[in-house]
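Take a look at the structure below.
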Amino acid sequence: MRRTFQDLAREAEVKDIVTRAISGHATEEMQRHYSTVNDMEMQESIGKVIFLSRARELLENRRSKTMSRWYRGGTESRNHKKRTANRA
């Protein structure tokens, strides 16, 4: 029963301190001792890490492209002003 409770509480995202208070475990070490991790939980966790990794990569690529456009835009704008000033 203790293992089942620990696992269900973790899956329900109950705070550790609350789980320990209910189960009577004084330390995180005992809480971990009575916890198990099933294959589905591991697969879902790995999936979340992969998702976050891809999201971070996409954001970095987008930021890089935006900065590149901004820089080129600034350069082109200054060159345009110089050409316009030279015509006058």
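Throughout, read-outs are computed from the coordinates displayed, never taken from laboratory work. Please read these numbers as outputs of a predicted model, since none were measured by experiment. Using ideal geometry, Cβ is built from the backbone for each residue, glycine included, and neighbour counts are taken over all protein chains shown.
Rounded to whole numbers, the Karplus 3J(HN,Hα) couplings from phi for the stretch 34-45 are 8, 9, 10, 10, 8, 4, 5, 5, 5, 4, 4, 5 Hz, using 6.51 cos²θ - 1.76 cosθ + 1.60 with θ = phi - 60°, and x at Gly and Pro. For residue 18 and residue 54, what does the FRET efficiency come to when R0 = 35 Å and r is the distance between their Cβ atoms, rounded to the nearest 0.05? With R0 = 35 Å, the Cβ-Cβ based efficiency is 0.60. Just grab the label-to-label distance for residue 65 and residue 42, each label 7 Å out from Cα along the Cβ direction, in nm (one decimal). About 3.7 nm, to one decimal. Note that the stretch 58-68 has calculated 3J(HN,Hα) couplings of 4, 5, 5, 5, 5, 5, 4, 5, 5, 5, 5 Hz, one per residue in order, obtained from phi through the Karplus relation 6.51 cos²θ - 1.76 cosθ + 1.60 (θ = phi - 60°); glycine and proline are x. Across the stretch 14-23, computed HN-Hα scalar couplings (Karplus, 6.51 cos²θ - 1.76 cosθ + 1.60, θ = phi - 60°) run 6, 4, 4, 5, 6, 4, 5, 5, 5, 7 Hz from first to last residue, x flagging Gly and Pro.
In a DSSP loop and with at most 11 other Cβ atoms within 10 Å, the trypsin sites (Lys or Arg not before Pro) in the stretch 1-46 are 15.
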